[in-house]
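Report on one structure; see the data block that follows.
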Amino acid sequence: MTPPVLLIAYGNPLRGDDGLAAAIASEVSRTLPEETVEILTTVQLLPEHAPSVADRRLVIFVDARAGEKPGTVNLSPVSYPDEAGGGAALTHHFRPAHLLGLASLFGRVPRALLLTVGASEFGYGGPVSASLRSALAAAAGIVAGLSR
Amino acid sequence: MSRSTITIDPVTRIEGHAKITIQIDENGHVEDARFHVTQLRGFEKFCEGRPFLEMPSLTARTCGICPVSHLIAAAKACDGILAVTIPRPASMLRQVLNLAQLVQSHALSFFYLSLPDFLLGMDEDPKVRNLFGILAKFPDVARDGVRLRQFGQSVIEELAGKRIHPSWVVPGGVNEPLTESRRDAILSRIPEALAIVRRALERGKRVLEDHREEIRTFANFPSLFMGLVDDRGLLEHTDGKLRIVDAHGKIIGENLDSTRYREFIAEANEGDSFLKSPYYRPLGYPAGIYRVGPLARMNIVDGCGTPLADQEWAEFRDLERGAVLSSFHYHYARLIEILYGVERMEQLLLQRDILSKHVRAQANVNNAEGIGIAEAPRGTLIHHYRVNEDGLVEWANLIIATGHNNLAMNRGILQAARHFISGRTLTEGALNRVEAVIRAFDPCLSCSTHASDQMPLHVSVVNQAGEILDQKIRG
Amino acid sequence: MITLEDLTEIAAKEQETRSAADHHVHVCVAASCLSLKSDLVKESLEKEVKQNGLAGKVAVKGVGCMGLCMAGPLVTVGDGVLYQNVTPEDGIDIVKGLAEGARPISRLEGDSKAPFFTKQVKVVLENCGKIDPERVEDYIAADGYRALLETLENKTPVDVCHEIQKSGLRGRGGGGYPTGLKWSTVLKSTGARKYVICNADEGDPGAFMDRSLLESDPHRVIEGMAIGAYAVGASHGYLYVRAEYPLAVKRLKAAIKQAERLGLLGTNIHGTPFSFTVDVRLGAGAFVCGEETALIASIEGGRGTPRPRPPYPAEEGLWGYPTLINNVETFANIAPILRNGGAWFASLGTAKSKGTKVFALAGRVRNTGLIEVPMGMPLREIIEDIGGGVPDGRTFKAVQTGGPSGGCIPAPLLDMPVDYESLAQAGSMMGSGGMIVMDDSSCMPDVAKFFMEFCRTESCGKCTPCRVGTVHMHQILQKICSGRATEADLALLLDLCDVVKNTSLCGLGQTSPNPVLSTLRYFKDEYTRHVIDKKCGASVCKIRKDEEVHG
Amino acid sequence: MITGPRIKTLTIDDKPVGAREDETILTIARENGIRIPTLCHLEGLTPIGGCRLCLVEVKGIARPVAACVTSVQEGMEVTTDSPRLTQYRRMVLELLFSERNHVCSVCVSNGGCDLQDLAQEFGLTHLTVPYQYPRHKVDASHPWFTLDHNRCILCTRCVRVCDEIEGAHTWDLFGRGMQARVITDLNQPWGSSQTCTGCGKCVHVCPTGALSEKGKSVREMRKSREFLPYLRLMRQGRQV
């Protein structure tokens, strides 16, 4: 049985706060059973993830965001096409909306949410900033709540 | 109008980072065009002093796009140092892995990177001219693309595990035999993959009709072609010997001993690029310009060796009397190779000894030098190591596919620029066509230089005084 | 067999020769003055005496360190006249002056009544500058070896330990462990044999107490060791001296031979069952070999690395046998204690720190050299009175004590007494006696960097925190001093200090963060200036211009 | 009269335990199912207390002590886990990783490495201290084994097993501080060693990929240390 909820945590854990999504995912995996939520952690979103997205009850994308105030947790709906339009580039600029768009090829497009956490340190190495710990816990709580 | 330079920096929708400079004379005619790779590669230096057994894993990290090709070339070079012939099942398993890599890489190149140009038009707005434009207009095609790539990746996973840089391929063979269940899992996915390729081929051939001008001008010139063939002269990506044919399709180098590649390949270093420029030594530089990759492979072989691909190959070779010269046909050749790849994988997986436990030959250092040649999706990949008596690498040289094609790509850009660019105008369509020449070769620059992220395309026309006359920024 | 009477006889004979002369000229021949060619001064004096026909009238003698090393070569005539910065040519004038009725040469004369001399109390250094370190007879004439023989004659080992305990003497190597207690422990420990080791692996930068003592009065240390051996039941001893002290080694070896010749070392000393022999072992220049377990490993022929304690050497030391290990100055205190009694010693110093302490006074102070003061003397007296204060119109900033394991004491604490507890409370330590005075031209992060570099290069490499932690700490200090450090670096430095201090295997690692911690404690503003303003107040650190601007 | 070692009682993590006086805290903790991380320690070799990972807190002693070399005492109250100890152990691991060039992805011992296991246990994905990137050569002169200083953590297990178990004392240490490294014979290439018996014990006690068997590719080197308790047992048997 495919779990009804898919959590896609993306970002590069080798680049500071970009590993925030993965940290949230591992926190969620501790609290929720495998049957409820499937967790996919990846460095970047890829078109090949589209088949896994289709036919879920809910897909939650988790991402660390530069440019947003560090520590702010933001939850927004995702739809395709989004405001930014269809979108041009592939690998590095592939957005959740894109994946949702491609998911339509493989089944029902699920409800999708994007949870972002504002972050500031994206240098090589270095763990997730200590100042983001409470945001991390809050985000994991929100994800867990949505998944139930 | 004074002499000026157009720079396309970086080129989009190729893997990696490069820029194109187009020089325009006083009359607005394209005078010269160059393809620069501007990032330094240091992998050969890393290798020095390390035990040769680490080379497959180490060099596979040259590239996140096609680590498998490096793994195989490196392992073969190490086989040479061990002086072993690896067991037949190991050889077949390496072939399956290499083909899976070929399929997924070609699928990326064709469906994601090139089809938008073909189906939506070279002149279409770049905001729409992408995979999502395809999704909107041709959803079935988009689905095929995603599925085919997924197929290739799933085969790699079944064989070598989930990691991006698998350590399954080792000097002397592979480190674990294939299990029956994994074999069957792969086999079960083959029919769908086959169906996708056949649909793609039909569509691809129809596309050709609409691109007569591109076929005529996209790096369409006589050159040599190089690649591996098996002992019957058939298509081969993992083992075999090098063959070189000329523009007439005549074999001028046959059964070339890979260990003596330096006798027929020389490398020129051009000042403005970190990429080496290899050429066929007997003809000198630049007359010895040759091409590698799917087009070259189709031109050198006497057939593919699988039934469906053989039919397509025959049709392909009918395009021209000698070798097929237009680099636009790289796309066509790529599709035939995907078909071959899926068919050949099935053939190999049905071999009775594919599940054999004898997948590795053990030996000590027996040769001070090892050369491994494999066909990466983009063309011939050469790994060459020299080790000391303890097996520590003293010197390493990697010649990658994009390097072989460097001279040809330069000429192709010049040709296309002359045809599509006239001094005064910087139209999107013209620039895109110049870029599309490069994309036809599907160069992998992260591999040739270890590039980082893509950056927005920056095109500028610069006069001799260095003033920017016109510029376009996109992305 | 040598007896007390023999000693008296030797002393009397020595006295007799001495009184034959009218004038006694002493030339310092310890390393510091020797390096300024005091040997040539002595030759010149001897030549002049001969040429002026004063042989027998004027006695020229090479003696040990007189203390005021900055003014060497030093020469004294009789009790009252001190000559400074003497050259060989000056020998002519000095001898001429003596020939003309003890006329002092005023241009050479120093003030022998200066506080530098009068404020000192000499117990350990009592013979320094007075006796010829190369002649055992001279030592005996100064009551040498009397304590040993009297002890053998009148005291049991338990008595000796009691006497030492009564004196309140604490280890002078740095730790300040009660010496009598240590001796009793070794005495109580059981073993087929026992050893005595004298730790003369003096390694603190700027410290030269042990070296001067060994060069000036080697027999005193040997006598202390022999008494210690008797007290704990050992029959063999090792003097572990750094190979960088060739003169000390030469004089020690000569002294051992002389003592053996007289039967002061060897079997059945003084006709008792007590036997004691001493060997010199050279340290190959590793600071960590000053750590007792590393020192023992080195004597055993192994790699000089420490091992965790317990077991302490008192129980399991050299070759696994109970071993008494004390430093040079500690052993040098033994003979006077036994000669004058523990109570006498305990009357010197403070309640918890008894006796005197030898310091090597160095750095930005007028009178640099070797001094000995009673425990508890205020730091200000040492620096301003004995040391003569900071020269060149500069102001005093801090004094560094305890070497790389110690810390810096700032000006506001100058009135604190110098004893084990006070120094520790101020974040430094007594250490072996290095005392480096700094004025306002010193930059404290730079000072910390200097000591950290020392610890980094001297780490033996056995335990992770010391081996790697000191490297990182040094790099951060380098960053601070070049204006490249951030506040995060400073925080990391503190983390590393904590880890290295609390997790290192031996004292070297455990105390290596001390110079950083103590300078941070008293001179935090200097660190923040380097880190935030990118400025070095003392203009010691070279901070690049562009960084200064962007800072 | 019984003259053997006396029995002491103490508590480890509040659990009362009994021990012979010649036993260490580590031994007793393990006997009672309490895990203390170690790296330089290996049962059967003389403990040295070098790596400092096995630090534990003992009530009444300010500094943590190394469990592998600290004998039990009557009434001792030992704590094996605390935020402070975790922080210290983590930093010790960080220091080890920063010291040499531990690149797991191309290491023969990837997946079978004590250092890597500990990093995983402590969730150590990044270092707060900078890498030192020293330049160390590989000694592959031995016909069967390879020494890669880049992966050595100076635990000296090789030195001890060679000296104490094999009796060859081929290995030793050279240099001090961060310049320290293991050497064979008098700093000669391993392959030219006159004393090495080629037994391979050093390779198998090595916690990382510093010592490995030739012919092993990335992720293929697995260490087997069963011989150590076996040899010890056999020797004890002979002594009885």
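The values are calculated or read from the model by the stated rules, or taken from the named source; none is laboratory data. Please read these numbers as outputs of a predicted model, since none were measured by experiment. When we count neighbours, we look across all protein chains shown, and the Cβ atoms used for this are built from the backbone with ideal geometry, even at glycine.
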Open item on the list: Let me confirm something: among B:Leu93, B:Leu102, B:Leu113, which residue is under 15 Å from the mean Cα position of the chain (by Cα) and modelled with pLDDT of 95 or more?
Closed with: B:Leu102
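Can you list the helices (runs of 4 or more DSSP H) lying wholly within the stretch C:1-103 that have 3 or more residues being modelled with pLDDT under 95 and farther than 28 Å from C:Arg364 by Cα?
Result: C:4-20, C:38-51, C:90-99.
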Task: Residue that is farthest from D:Leu173 (Cα to Cα) [pool: residues in the stretch C:269-289 that are of a type in the set (A, V, I, L, M) and either more than 13 Å from chain D (Cβ to nearest Cβ) or surrounded by fewer than 24 Cβ atoms within 10 Å (Cβ to Cβ) (or both)] - done: C:Ile269
TODO: Can you give me the number of residues within the stretch B:360-380 that are surrounded by 24 or more Cβ atoms within 10 Å (Cβ to Cβ) and within 13 Å of chain D (Cβ to nearest Cβ)?
DONE: 0
Task: Residue tally, condition facing another protein chain (nearest Cβ under 7 Å), over 30 Å from C:Ala491 (Cα atoms) and outside any strand (DSSP E or B), over the stretch D:135-167 - done: 3
Open item on the list: Looking at the stretch D:205-214 only, could you name the residues that are away from chain C (no Cβ under 14 Å) and either buried (at least 21 other Cβ atoms within 10 Å of the Cβ) or hydrophobic (A, V, I, L, M, F, W, C) (or both)?
Closed with: D:Val205, D:Cys206, D:Gly209, D:Ala210, D:Leu211, D:Ser212
TODO: Please work out which residue is nearest to the other protein chains (Cβ to nearest Cβ), limiting yourself to the stretch B:129-143 and to residues that are closer than 15 Å to B:Leu113 by Cβ and not in a helix (DSSP H, G or I).
DONE: B:Asn130
TODO: Quick one: count up the residues across the stretch A:42-64 that are within 14 Å of another protein chain (Cβ to nearest Cβ) and hydrophobic (A, V, I, L, M, F, W, C).
DONE: 6
Open item on the list: Name the single residue that is farthest from the other protein chains (Cβ to nearest Cβ) among those in the stretch D:90-123 being of a type in the set (A, V, I, L, M) and over 19 Å from the mean Cα position of the chain (by Cα).
Closed with: D:Val103
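Listed here are the residues, each with its yes/no results for (1) more than 28 Å from D:Arg89 (Cβ to Cβ); (2) free of Cβ contacts under 8 Å to residues at least 24 places away in the same chain; (3) surrounded by fewer than 20 Cβ atoms within 10 Å (Cβ to Cβ); (4) of a type in the set (A, V, I, L, M).
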| residue | (1), (2), (3), (4) |
| --- | --- |
| C:Asp419 | yes, no, no, no |
| C:Gly434 | yes, no, no, no |
| C:Val437 | yes, no, no, yes |
| C:Ser441 | yes, no, yes, no |
| C:Met444 | yes, no, no, yes |
| C:Phe451 | no, no, no, no |
| C:Ser459 | no, no, no, no |
| C:Pro465 | no, no, no, no |
- [ ] Please tell me if B:Glu176 is assigned by TED's automatic domain parsing to the domain that holds B:Glu375, in a loop (DSSP other than H, G, I, E, B), over 24 Å from the mean Cα position of the chain (by Cα) and in contact (Cβ under 8 Å) with a residue 40 or more places away in the chain.
- [x] yes
Open item on the list: Being under 27 Å from C:Thr457 (Cα atoms), surrounded by 16 or more Cβ atoms within 10 Å (Cβ to Cβ), away from chain D (no Cβ under 14 Å) and within 18 Å of the chain's Cα centre (by Cα): is that true of C:Val249 here?
Closed with: yes
- [ ] Mind listing whichever residues of the stretch C:290-302 are without any contact (Cβ under 8 Å) to a residue 40 or more places away in the chain and closer than 17 Å to D:Gly175 by Cβ?
- [x] C:Ala297, C:Gly302
- [ ] Note down all Cβ pairs under 7 Å where the first residue falls in the stretch C:328-339 and is over 16 Å from C:Pro218 (Cβ atoms) and buried (at least 24 other Cβ atoms within 10 Å of the Cβ), the second is among the hydroxyl-bearing types (Ser, Thr, Tyr) and modelled with pLDDT of 95 or more, and they're at least six residues apart or on different chains.
- [x] C:Ile337/C:Ser167; C:Leu338/C:Thr151
Open item on the list: For the condition under 22 Å from the mean Cα position of the chain (by Cα) and under 27 Å from C:Gln400 (Cα atoms), what is the one hit in C:Asp132, C:Asp210?
Closed with: C:Asp210
- [ ] Could you check D:Gln132 against (1) part of a helix (DSSP H, G or I); (2) within 14 Å of chain C (Cβ to nearest Cβ); (3) more than 16 Å from the chain's Cα centre (by Cα) and say which number it fails?
- [x] (1)
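For the stretch D:168-192, how many residues are more than 10 Å from every other protein chain (Cβ to nearest Cβ) and modelled with pLDDT of 95 or more?
Number satisfying all stated conditions: 11.
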Open item on the list: Kindly evaluate B:Asp184 against the criterion of being among the acidic types (Asp, Glu), more than 30 Å from B:Ala83 (Cα to Cα) and either touching a residue at least 12 places away in the same chain (Cβ under 8 Å) or surrounded by fewer than 18 Cβ atoms within 10 Å (Cβ to Cβ) (or both).
Closed with: yes
Open item on the list: Between D:Thr24, D:Thr80, D:Thr9, D:Thr86, which is of a type outside the set (A, V, I, L, M, F, W, C) and either under 22 Å from D:His204 (Cβ atoms) or more than 24 Å from the chain's Cα centre (by Cα) (or both)?
Closed with: D:Thr9
Task: Filter result (farther than 25 Å from D:Gln132 by Cα and either surrounded by fewer than 21 Cβ atoms within 10 Å (Cβ to Cβ) or not assigned by TED's automatic domain parsing to the domain that holds D:Arg157 (or both)) within the stretch D:170-188 - done: D:Asp185, D:Leu186, D:Gln188
Open item on the list: Every residue in the stretch C:85-113 that is within 25 Å of C:Gly355 (Cα to Cα) and in contact (Cβ under 8 Å) with a residue 24 or more places away in the chain, please.
Closed with: C:Ser112
TODO: With the checklist (1) without any contact (Cβ under 8 Å) to a residue 24 or more places away in the chain; (2) closer than 20 Å to C:Met66 by Cβ in hand, flag the one item C:Pro246 doesn't pass.
DONE: (2)
- [ ] Would you mind stating whether C:Gly228 is over 24 Å from C:Leu264 (Cβ atoms), in the same structural domain as C:Ser298 (by TED's automatic domain parsing), in contact with a strand residue (DSSP E or B) (Cβ under 7 Å, 6 or more places away or on another chain) and not hydroxyl-bearing (Ser, Thr, Tyr)?
- [x] no
Task: Pairs where the first residue, in the stretch B:137-162, is at positive phi and the second is of a type outside the set (S, T, N, Q), C-beta under 7 Å, 6+ apart - done: B:Gly161/B:Trp168
TODO: From C:Asp210, C:Asp138, C:Asp159, grab the single residue that is within 25 Å of C:Trp344 (Cα to Cα), part of a helix (DSSP H, G or I) and free of Cβ contacts under 8 Å to residues at least 60 places away in the same chain.
DONE: C:Asp159
Open item on the list: Suppose the filter is more than 9 Å from every other protein chain (Cβ to nearest Cβ), of a type in the set (A, V, I, L, M) and either assigned to a helix (DSSP H, G or I) or crowded, with 22+ Cβ neighbours inside 10 Å (or both); does B:Val146 pass it?
Closed with: no
